[in-house]
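Here the structure is laid out as structure tokens; the discussion comes afterwards.
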Amino acid sequence: MSFEPKILAFCCHHCAYGAADLSGVLRLQYPVNIQIIRVPCSGRVSGEHVLDAFVKGADGVCVAGCLKGNCHYQSGNLRAGKRVEILKNRLADIGIEPERLHMFYVSASMGALFARFMAELVETIRDLGPAFSGQEREGGEQLDSRTS
Amino acid sequence: MSIGPAAKVIEARTGSRLEKVLRAGHFAVTAEIGPPKGADGRRIQQLAALVKDYSDAQNLTDNQTAVVRLCSLAAAVHVLNNGGEPVLQMTTRDRNRIALQSDLLGAASLGVRNVLCLSGDHQRFGNHPEAKGVFDIDSVQLTATVRQMREERLFICGEEIKAPPRVFVGAVENPFAGPVELRVLRLGKKVMAGAEFIQTQVVYDVEGFTRWMEAVCAAGWHKKTFILAGVTPPKSAGALRYMSRIPGMKVPEELIRRMEKASDKLREGQRIALEIINHVRAIAGVSGVHIMAINWEEAVPEIVSMAGLYPRP
Amino acid sequence: MILARPKTVSSILALVGGMKSLVVAGCQECVTVCQSGGRKEVSCVAQLLEIAGKKRGFPFEIAQVTVFRQCDNEYLVPLDVLMEKADACISLGCGVGVQFIAERYPTVMVIPGVDTVGGGGTVMSGVWEERCAMCGECILAETTGICPVTRCAKGLLNGPCGGSVDGRCEAGTDLPCAWEMIYHRLKKQGRLDSLTRIRPPKNWAHSGSGVMRKVIREEVMPCLSVLPLK
Ligand code: SF4
Ligand code: SF4
């Protein structure tokens, strides 16, 4: 059975979510492995949220915010970027590949870039394989995908 | 403990040769000997024999730059056994008040007649940066302690000492660190604590040293203590550059260039030392020089002879 | 406040290898302020342990609890039921909290989840600095409110060493020389003469290098007459 990764993307309302929307409007395809959670700002995503995604069975997590310098709250995306760096280190520390976590900066007009990035992310995680070996995966369980 | 009586210029009472020379009004010369990083005492013995006739006393550094070396007390005994006059350097970095007082008694019992009180370079830059720094007391308190032990015959705790250590007490000062006013205040504090002689940081910046000495003389401290200017003959331009990076050292850029250009570096280094000696000798209030020929103790006899300071009184 | 910094989760994992049931305990006081042991940190550490447990194929059962104050026995009550079946407790409180938990539950292994650094404060968001070494005999009045015991790398009490250059401490170019700061402040206050006073050796018996210190205030202690008789 081929491995289908589960990936959670925290997308900020002002840019990343807009980009996701636009890629839909443009009828661009990106893999169904991605589930999006809309957040007011990528800076709202704290370590707990990211780690909780892994605990609940995500194989990869992506935090997507506005382009650097364009955050609607000045620096929320920069803070998110720093948090992601720290979390990557903490994951590596316990033996989880840090590549499972990504920070992504995008503007609302970059629908195509968004779709391409998501496709690449799915491939990266597919290559890494499941975060946990078979029986420990809480298979089938849908990730919570409320959008704001 | 009672501390603080201003050091009185008193008659020599310690049996120290350095004290006699200074009180007799001669321009004093002391030389530094760096103990080795091993258990072999022969080099200290050789160096002591080499410099003893060219200096009034020889300083033995105490784990200088926080690098473990043969201890200064043992080194001092090697010097004594070879006819020298050791100045025992004691830092408060590695020993608490119990060990410091005990070492002082031991040193005096072996015939050491001079001690230099320092706080010591911070262990962070030595070869054991993970060591715990002791700093139970500071250099000013150590200075006062030695005087109290010698004159009031009391330990820090107030208990009586039957046979007090008869040692001549010195301290150090860095004329180049921080505001001159603060540096003079601190020198004064050391003198008040009982420092009978002061050996300074290496002088390359003669102008800065002159300014500091003016302030020292204006405050009158030169009358209450003997000030020996530190002199280090540079071995190479690289050595000068290295020293310019040591915290609290000032090395004029032109001096480094001069060393770079010189064809015979060693000669030039000796010449520079000689010029500095002649310069500081002319400054009012300077009572002598302290030659720190780091890893180059062999240069001392020649420098002293060239400066016309040989033979010693 | 008491400053602390998180230990790596891998170092905790190395201690709980074969265990099953863990309690991760936080504290709402100092370690919450310096963001090393409050509710959020407890959650992150617990989640990381959980992820690591799943990864090794033998998940932990982890309980999270963050109490009002770990260094006060009465606030530890919420741990009682959790500790009954715990193999180990990871406390993200300071060293005091860890010890209070260990005292209350002597049969359970207690593991410090943070390294306790010292007494300090927030100088800017994300930066905390030590200010007090808790020497037991405060001399700040004489040193213009700048603590040389803590902020001078050599803990000198009688002025700067020879290594201070341009106001920097010899022990680290990023640190200001405490004694030069004291000098400038004394000068501003017109109290430079205080620098000429020789301070005698400090009584370190009051400090952490003596015997364990105790503070006793009779008037705060329970009154025996109102205690129930045995
Ligand atoms: S003098 Fe002692 S009590 Fe006062 S701030 Fe410094 S370490 Fe703390
Ligand atoms: S440079 Fe200043 S702060 Fe640093 S050890 Fe020396 S006196 Fe203390």
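Once the C-beta distance of C:Arg56 and C:Glu103 is scaled by a Förster radius of 35 Å, the resulting FRET efficiency is 0.65 to the nearest 0.05. Take every Cα pair under 8 Å whose residues are at least 6 apart in sequence, average their separation, divide by the length of the range C:134-199, and the relative contact order is 29 percent. Taken residue by residue and averaged, Cβ atoms of other chains lying within 10 Å of the Cβ of C:50-63 number 4.
Can you classify the range C:2-118 as rounded, prolate or oblate using the Cα gyration tensor, where a ≥ b ≥ c are the square roots of its eigenvalues, rounded means a/c under 1.5, and otherwise it's prolate if a/b beats b/c and oblate if not? Oblate is the answer for the range C:2-118, as a/c is 1.5 or above yet b/c matches or exceeds a/b.
Hydrodynamic estimate: the Kirkwood radius of the protein assembly as shown over Cα pairs, inserted into Stokes-Einstein at 4 °C and 1.567 mPa s, corresponds to D of 43 µm²/s.
Looking only at other chains, what is the average number of their beta-carbon atoms within 10 angstrom of each beta-carbon in B:89-96? Neighbouring Cβ atoms belonging to other protein chains average 1 per residue here. Sort chain B into rounded, prolate or oblate with this rule: let a ≥ b ≥ c be the square roots of the eigenvalues of the Cα gyration tensor; rounded if a/c is under 1.5, and if a/c is not under 1.5, prolate when a/b is larger than b/c, oblate otherwise. Rounded is the answer for chain B, as its axis ratio a/c remains below 1.5.
Over chain C, the ratio between the Cα radius of gyration and 2.2 N^0.38 Å evaluates to 1.28.
The angle separating the long axis of helix B:97-109 from the principal Cα axis of greatest extent in chain B is about 80 degrees.
A straight chain from B:Ser102 to B:Arg271 at 0.36 nm per residue would run longer than the Cα-Cα distance by 56.6 nm. Spin-label pair A:Glu85-C:Thr122: with each label point 7 Å from Cα along the Cα-Cβ axis, the two points sit 2.2 nm from one another. With respect to chain A, whose longest principal axis is taken over its alpha-carbon atoms, helix A:111-128 is tilted by about 20°. Rounded, prolate or oblate for chain A? Axes are the square roots of the Cα gyration tensor eigenvalues, ordered a ≥ b ≥ c, and the cut-off for rounded is a/c under 1.5. Oblate shape, in that a/c is at least 1.5 and b/c is the bigger or equal ratio.
Model label points for A:Gln74 and B:Glu152, set 7 angstrom from Cα along the Cα-to-Cβ axis, are 5.9 nm apart. Suppose R0 equals 30 Å; then what is the FRET efficiency for C:Glu130 and B:Val67 from their Cβ-Cβ distance, rounded to the nearest 0.05? The calculated FRET efficiency here is 0.65. For the range C:73-79, backbone phi angles converted through the Karplus equation (6.51, -1.76, 1.60; θ = phi - 60°) give residue-by-residue couplings of 3, 5, 7, 8, 3, x, 7 Hz, Gly and Pro being listed as x. Listed values for the range C:170-187 are Karplus-derived 3J(HN,Hα) couplings in whole Hz (6.51 cos²θ - 1.76 cosθ + 1.60, θ = phi - 60°), namely 5, 7, x, 5, 8, 9, x, 6, 4, 6, 6, 5, 4, 4, 4, 6, 4, 5, and x replaces Gly and Pro.
With the highest mean first, a sort of the peptides A:122-131, B:67-76 on other beta-carbon atoms found within 10 angstrom per residue produces B:67-76, A:122-131.
Partner shielding of C:9-15 amounts to 2, given as the average count of beta-carbon atoms from other chains within 10 Å of each residue beta-carbon.
Computed from backbone phi with θ = phi - 60° and the Karplus coefficients 6.51, -1.76 and 1.60, the 3J(HN,Hα) list for the range C:31-43 is 5, 6, 5, 8, 6, 10, x, x, 4, 5, 5, 4, 4 Hz; x is used for glycine and proline. Between C:Val215 and A:Gln29, the simple label model (points 7 Å from Cα in the Cβ direction) yields a spacing of 7.0 nm. Sorting A:27-39, C:162-174 by average packing, meaning the other beta carbons within 10 Å per residue, from highest down gives C:162-174, A:27-39. Rounded to 0.05, the FRET efficiency of the B:Glu181 and B:Ser244 pair, given R0 = 25 Å and the Cβ-Cβ distance, is 0.55.
If the segment from C:Asn203 to C:Arg185 were pulled out straight at 0.36 nm per residue, it would be longer than the present Cα-Cα gap by 3.9 nm. Each Cα pair under 8 Å and six or more residues apart adds its sequence gap; the mean of these over the residue count of the range B:18-306 is a relative contact order of 18 percent. Contact order for chain C, expressed relative to its length and based on alpha carbon pairs under 8 Å spaced 6+ residues apart, stands at 17 percent.
When each of the peptides C:77-85, B:223-231, C:32-40 is scored by the mean number of other C-beta atoms lying within 10 Å of its residues, the order from highest to lowest reads B:223-231, C:32-40, C:77-85.
All of the numbers you see were taken from the coordinates with simple rules; none came from a lab. Keep in mind it's a predicted model, so treat the numbers as computed, not measured. For neighbour counting, all protein chains shown are included, and Cβ atoms are generated from backbone atoms with ideal geometry for every residue, glycine included.
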